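Report on one structure; see the data block that follows.
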Amino acid sequence: MVSEIRLFVEPEFQQKAQQYSAVLSSRGVMVNLEIIEKLNTRFLRFHPELALCVDESGLWLCANGMKMQPDWKAEVPRLKRASLKSEMIARACNLGEKPNLIDATAGLGHDSLLMAHLGADVTLVERHPILFTLLEDTKSQAEHDPFLSSVVARIDLIFSDSADYLIQQAEQSNIVDVVYLDPMFPQRDQNQQAIKKQAQVKKQMQLLHMLLPEDGEMDLGDNLLILAQKIAKRVIVKRPRLAVYLASQEPNHQWQGDACRFDAYFQQHLVK
Ligand SMILES: C[S@@+](CC[C@H](N)C(=O)[O-])C[C@H]1O[C@@H](n2cnc3c(N)ncnc32)[C@H](O)[C@@H]1O
């Protein structure tokens, strides 16, 4: 995991950048702050390695001339189109019942934003310190957005490894309606159809994959399924369409889409 990273900022936002640095350092990331004259596309193209930058819109991850943040405001049109009927994730997670739900693999938080919009009370867990800090920033900005404020009021962010968090919930005998898992899946192992689509993979995902490298340290989340089954009436696992089952466990039910599917594991003994 990245433990040292450069942060580029123009003099105007230096104070803000120092605040982010302090937060990141409390989470184990050493930030090398660099004051630069102009933070623009040209600058980012000349500094292609993975870094952070700060501007009037807050904290960004940047690399290869691109920058990204978990842009929840950009999701608003999609949220407005979404309904319990049209979204497969809504059927899989039974969102019509307004469940309490732990999303144990937060990432950019887009799935959870949709689920909170459709009625779930979401606890969003992310272990990566940089990604978590980006999420925290995005959430606090969304709190001031007229459309998103009521949605994000249903989202709690937790900085933790989900394995630890799920074990803690089990020890406290806390049962939840749903645990949602969307662990990383090695791009090289995805099916042909998914590979063809890679050309269109949004830059957000490209940068996410740079931050969370596949080699050596990628944890595919098998242990999370086992732990989630101890505390959730329903565990939903998002997978590429033709991917192997998580933890080699055959699900009780599946919802199939064009690019991905949802595998469901029901724990009848936890349903009262
Ligand atoms: C594919 S992304 C999830 C994308 C997400 N569903 C979205 O809508 O943006 C997987 C994320 O899960 C996180 N993750 C994987 N294993 C984890 C664990 N044990 N605890 C906490 N976070 C984990 C990774 O750091 C990564 O950010």
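The values are calculated or read from the model by the stated rules, or taken from the named source; none is laboratory data. Just so it is clear, the model here is predicted, and its values are computed rather than measured. With ideal geometry, Cβ positions are generated from the backbone for all residues, glycine too; neighbour counts draw on all protein chains shown. Areas reflect the complete protein model, heavy atoms only, side chains present, ligands, DNA and RNA absent. Shrake-Rupley method; radii C 1.70, N 1.55, O 1.52, S 1.80 Å.
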Problem set entry | Label-to-label distance, nm, for residues given as residue 205 and residue 255 (7 Å Cα→Cβ offset) | 1.9
For this session: Output the pairs from 73/230; 80/233; 73/238; 67/98; 38/139 with a Cα-Cα distance over 25 Å in this structure; if there are none, say none.
Result: 73/230; 80/233; 67/98; 38/139
For this session: May I ask for the net charge around residue 37, where only other residues with Cβ less than 15 Å from the Cβ of residue 37 are counted and Lys, Arg are +1 while Asp, Glu are -1?
Result: -2
For this session: Keeping all protein chains in place, calculate the accessible area per residue for the chain (probe 1.4 angstrom), answer in Å².
Result: 49
For this session: Add +1 for every Lys or Arg and -1 for every Asp or Glu among the other residues with Cβ under 12 Å from the Cβ of residue 61, and state the total.
Result: 0
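Nothing charged except the Cβ atoms of Lys and Arg (+1) and of Asp and Glu (-1): what's the magnitude of the dipole of the chain about its Cα centre? Round to the nearest 20 debye.
1020
At 1.567 mPa s and 4 °C, plugging the Kirkwood radius over alpha-carbon pairs of the chain into Stokes-Einstein gives what diffusion coefficient in µm²/s?
66
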Seminar exercise, completed: If each part is reduced to its alpha-carbon centroid, the stretch 64-106 and the stretch 139-167 end up apart, in Å, by 12
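Note down the relative contact order for the chain as a percent, whole number, built from C-alpha pairs under 8 angstrom at least six residues apart.
After rounding, I find 15 percent.
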